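Below is one structure; the comments refer to it alone.
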Amino acid sequence: QAQLVESGGSLVQTGDSLRLSCVVSGGAFNLYAMAWFRQAPRKEREFVAAIKWTGDASYYGDAVNGRFTISRDNAKNTVYLQMDSLKPEDTAVYYCAAGRVYNYGSTYPGAYEAWGQGTQVTVSS
């Protein structure tokens, strides 16, 4: 089983940029499809981005497409989420998730087996 730890969340202003990181241990990182989800207060968990285990394909939710970029460095067992042009509606706890390789690109939380503790991103207006 894998253990995931997110970092990089912060309080920023509208239009700012931020990069989140997720370090994976206890598993074969290169064999995991990775994803980011977020959850705002009183709302359900929302798909943000996903990346294939090879890193050569990525997928984005409609709300963030064109502003966020997911990437991974298999040598460092790390997946990143670069967030640009942040908006107040991006405010949420962001979670890193890992799943089996055949689930790459899935937008459903149930497709992922391991989750991080989350990191808070707050965007002020």
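The values are calculated or read from the model by the stated rules, or taken from the named source; none is laboratory data. The structure presented is a predicted model; accordingly, all values stated were derived computationally and were not measured. Cβ atoms come from the backbone with ideal geometry, glycine included; neighbour counts cover every protein chain shown. Ligands, DNA and RNA are excluded from the accessible area calculation, which covers all protein heavy atoms including side chains. Shrake-Rupley method; radii C 1.70, N 1.55, O 1.52, S 1.80 Å.
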Quick check on my filter: what residues within the stretch 76-105 are hydroxyl-bearing (Ser, Thr, Tyr) and over 17 Å from Asn30 (Cα atoms)? Ser85, Thr91, Tyr94, Tyr95
Restricting attention to the stretch 2-31, report how many residues are open to solvent by 70 Å² or more (accessible area, probe 1.4 Å), farther than 24 Å from Asp56 by Cα and out of contact with any helix residue (DSSP H, G or I) (no Cβ under 9 Å at 6 or more places or on another chain). 2
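Have a look at Ala63, Ala2, Ala75 and point out the one that is more than 18 Å from Ala114 (Cα to Cα) and in contact with an Asp or Glu (Cβ under 9 Å, 6 or more places away or on another chain).
Details: Ala2 fails: more than 18 Å from Ala114 (Cα to Cα); Ala75 fails: in contact with an Asp or Glu (Cβ under 9 Å, 6 or more places away or on another chain).
Result of the check over Ala63, Ala2, Ala75: Ala63.
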Identify, from the list Asp84, Asp90, the residue that is out of contact with any helix residue (DSSP H, G or I) (no Cβ under 6 Å at 6 or more places or on another chain), open to solvent by less than 20 Å² (accessible area, probe 1.4 Å), of a type in the set (Asp, Glu) and more than 14 Å from Tyr32 (Cα to Cα). Asp90
Among Gly27, Gly99, which is the only one that is over 26 Å from Val123 (Cα atoms) and assigned to a strand (DSSP E or B)? Gly99
Filtering the stretch 58-72 for residues that are open to solvent by 30 Å² or more (accessible area, probe 1.4 Å) and not in a strand (DSSP E or B) leaves a count of 5
Residue that is modelled with the lowest pLDDT [pool: residues in the stretch 93-118 that are hydroxyl-bearing (Ser, Thr, Tyr) and open to solvent by 20 Å² or more (accessible area, probe 1.4 Å)]: Tyr102
When only residues in the stretch 93-113 that are under 12 Å from the mean Cα position of the chain (by Cα) and among the hydrophobic types (A, V, I, L, M, F, W, C) count, which is nearest to Arg45 (Cα to Cα)? Val93
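Tally the residues that are of a type in the set (A, V, I, L, M), farther than 18 Å from Tyr59 by Cβ and touching a residue at least 40 places away in the same chain (Cβ under 8 Å), restricting the search to the stretch 69-125. First the steps, then the outcome.
From the stretch 69-125, those of a type in the set (A, V, I, L, M) are 70, 75, 79, 81, 83, 86, 92-93, 97-98, 101, 111, 114, 121, 123; that's our starting set.
Filter once more, keeping what is farther than 18 Å from Tyr59 by Cβ: 75, 86, 92-93, 114, 121, 123.
Filter once more, keeping what is touching a residue at least 40 places away in the same chain (Cβ under 8 Å): 86, 92-93, 114, 121, 123.
Selection size over the stretch 69-125: 6.
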Qualifying positions in the stretch 30-51 - within 16 Å of Ala114 (Cα to Cα) and either part of a loop (DSSP other than H, G, I, E, B) or free of Cβ contacts under 8 Å to residues at least 24 places away in the same chain (or both): Arg45
